[in-house]
1. So, in the range 183-210, how many residues would count as being assigned to a loop (DSSP other than H, G, I, E, B), farther than 19 Å from Thr37 by Cα and either touching a strand residue (DSSP E or B) at 6+ places or on another chain (Cβ under 9 Å) or of a type in the set (Lys, Arg) (or both)?
2. Give the residues of the range 78-103 that are outside any helix (DSSP H, G or I) and hydrophobic (A, V, I, L, M, F, W, C), sorted by residue number.
3. Looking at Leu307, Leu321, Leu411, Leu377, which is the one that is touching a Leu at 6+ places or on another chain (Cβ under 7 Å) and either under 30 Å from Arg258 (Cβ atoms) or without any contact (Cβ under 8 Å) to a residue 24 or more places away in the chain (or both)?
4. Could we say that Arg143 is of a type in the set (Lys, Arg), in contact with a Phe, Trp or Tyr (Cβ under 9 Å, 6 or more places away or on another chain) and farther than 18 Å from Gly170 by Cβ here?
5. What are the pairs, 6+ residues apart or on separate chains, where a residue within the range 88-99 that is in contact (Cβ under 8 Å) with a residue 60 or more places away in the chain and on the phi > 0 side of the Ramachandran plot has its Cβ under 6 Å from a residue that is surrounded by 10 or more Cβ atoms within 10 Å (Cβ to Cβ) and not small (Gly, Ala, Ser)?
6. Please indicate, with yes or no, whether at least one residue in the range 171-191 is at pLDDT below 90, under 18 Å from Ala293 (Cα atoms), surrounded by 16 or more Cβ atoms within 10 Å (Cβ to Cβ) and not acidic (Asp, Glu).
7. In the range 134-163, what residues are surrounded by 20 or more Cβ atoms within 10 Å (Cβ to Cβ) and either part of a strand (DSSP E or B) or more than 32 Å from the chain's Cα centre (by Cα) (or both)?
8. In this structure, does Phe228 turn out to be closer than 30 Å to Arg383 by Cβ and not charged (D, E, K, R)?
Amino acid sequence: MIDELNQDQTTRVQAKAPSMDIPVEECVTIGPLDPCTIVIFGASGDLTARKLVPALYNLYLHGGLPKPFVIVGASRTSMSHEEFRERLKASYEATEKADLARWEEFAANLYYQPVDYDSLDSYVGLAGYLRELDEKYHTGGNRVFDLAVPPSLYPVIAEMLGKAGLAQEGENGKGWSRIVVEKPFGRDLKSAMELDQTLHRSFGEHQIFRIDHYLAKETVQNILMFRFANAIFEPIWNRSYIAYVGIIAAEKLGVENRAGYYEQAGVIRDMFQNHMMQVLALTAMEPPSLFEAERVREEKTKVFRSLKPLDGAEQIDNLILGQYGSGMVDGAEVAGYRQEPKVSSSSLIPTFAMMRVFVDNWRWRGVPFYLVSGKRLARKITRIVVQFKRVPHSMFRNVLGEDILANRLVLGIYPEERITLTFQTKYPGARTCLRPVTLDFSYDQNYSGPTLAAYEKVLLDCIQGDQMLFWSNNGVRLSWSFLTPILQECETCGDRGARLHPYDSGSWGPEAAQKWMQLIVDEE
């Protein structure tokens, strides 16, 4: 494969400092920010302790939070402010890169308010407490409501916030209110539209932030910069020069402690409706007239509108589903999906999916996009592969034959954030022999400043009101419109079990998918 051919044939691209004199910090944080209160529902849960509060603390360390700010945890659990702070500190201390140097400063802004999610009186009490904190900290009534709770509670909390007056925004732009919703946003088109209608009864579209943390990864954000800020790529980013595009998000882990959720979701709801569709849109979209949130999001929705439906024979030919069985991972034997705790012994939930989709527009007509995601695969890897077409005429056929490898561009997202471009050069010497070599750029090359992790970036964008990295309601609707017929047919058809291909843990998925997997996975 490509990696084997390129051994010792890689050229590093040296990243140089920008010609403009821009301090590193200005590319990391944005200011000034409006003072605000951040209310986290589900504050006693795992997401708050593992992701949200560490992300907010890291923003604090790098000057990425407004002055002043307040963080209020809200959940059913009864605890004091101090107990809340100690619980979060203990969880943060257990992380690999814990830095407690300024924790006490940060924790002084942490508060807790118990809330019964379906009790209006609880929200009225919360509203009164937030007003007290507004007066104490002078936060101007600006609030972010982050819903780190199960999706079933999204409509309940949104409706109660509206009834308690917490969704209202003040006059003349003062006292804004924003609600942050984690994925999954519905489980099909009908439920997504119902949830959207519930949110809009209390909040305007400009107030709703639908998180997809994949979009906040630096390498994912750089897709647009790479395409539209470099004149050498955009002119050939189309059906005339590109043979196919592969997008893969593979995981070595199984369902772990998420079996209860996964038995209701499966890989298509878990990965395709959000992450995979968003990366597809960034890779295939047309250039917006300006780099502004609404214009970028509108171009992404055009990609979803252009997707050729996968139904009937199209689905049979372009969709492969699988479920992992037992196997070896890192030298240890692991159980199959049906042997995992809380999983039915006859489960037909797919843990692997490969789709071949077509964006049926002028730029991409006829170019296949291979979307792959699965659990218990050979290694954890997330990347975009752009395979260019072979040269149209081989002038070297008398010397080299017809087989000359085409150019290949790889945008690595995980484990290495990098861009590689493979092309042909001549071996030194008298004979005419070609060799593939690779230009290789790493995102952390020649950069030693602070970086923002995905949750840090999206939380910062919520505070400043920038929806660039968030789903629009049209994007959600169109994404589900494409995927819901697939889900309906896979979940109700009589041959559902026959279409679910088993694969060994630690492999690259079902045998039926291997001809496509070879196009986008380089064996190591």
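1. 3
2. We begin by selecting, within the range 78-103, every residue outside any helix (DSSP H, G or I); these are 78-80, 94-102.
Within the range 78-103, Met79, Ala94, Ala98, Leu100, Ala101 qualify.
3. Working: Leu307 fails: touching a Leu at 6+ places or on another chain (Cβ under 7 Å); Leu411 fails: touching a Leu at 6+ places or on another chain (Cβ under 7 Å); Leu377 fails: touching a Leu at 6+ places or on another chain (Cβ under 7 Å).
Being touching a Leu at 6+ places or on another chain (Cβ under 7 Å) and either under 30 Å from Arg258 (Cβ atoms) or without any contact (Cβ under 8 Å) to a residue 24 or more places away in the chain (or both) holds for just one of Leu307, Leu321, Leu411, Leu377, which is Leu321.
4. Working: of a type in the set (Lys, Arg): yes; in contact with a Phe, Trp or Tyr (Cβ under 9 Å, 6 or more places away or on another chain): yes; farther than 18 Å from Gly170 by Cβ: no.
No: the conditions fail for Arg143.
5. Partner pairs satisfying both residue conditions: none exist.
6. Within the range 171-191 (the criterion being at pLDDT below 90, under 18 Å from Ala293 (Cα atoms), surrounded by 16 or more Cβ atoms within 10 Å (Cβ to Cβ) and not acidic (Asp, Glu)), the answer is no, since none of the residues qualifies.
7. Arg143, Val144, Phe145, Asp146, Leu147
8. Details: closer than 30 Å to Arg383 by Cβ: yes; not charged (D, E, K, R): yes.
Against the criterion (closer than 30 Å to Arg383 by Cβ and not charged (D, E, K, R)), Phe228 qualifies.
The values are calculated or read from the model by the stated rules, or taken from the named source; none is laboratory data. If you're wondering where the values come from, they're calculated on a predicted model, not measured in any experiment. With ideal geometry, Cβ positions are generated from the backbone for all residues, glycine too; neighbour counts draw on all protein chains shown.
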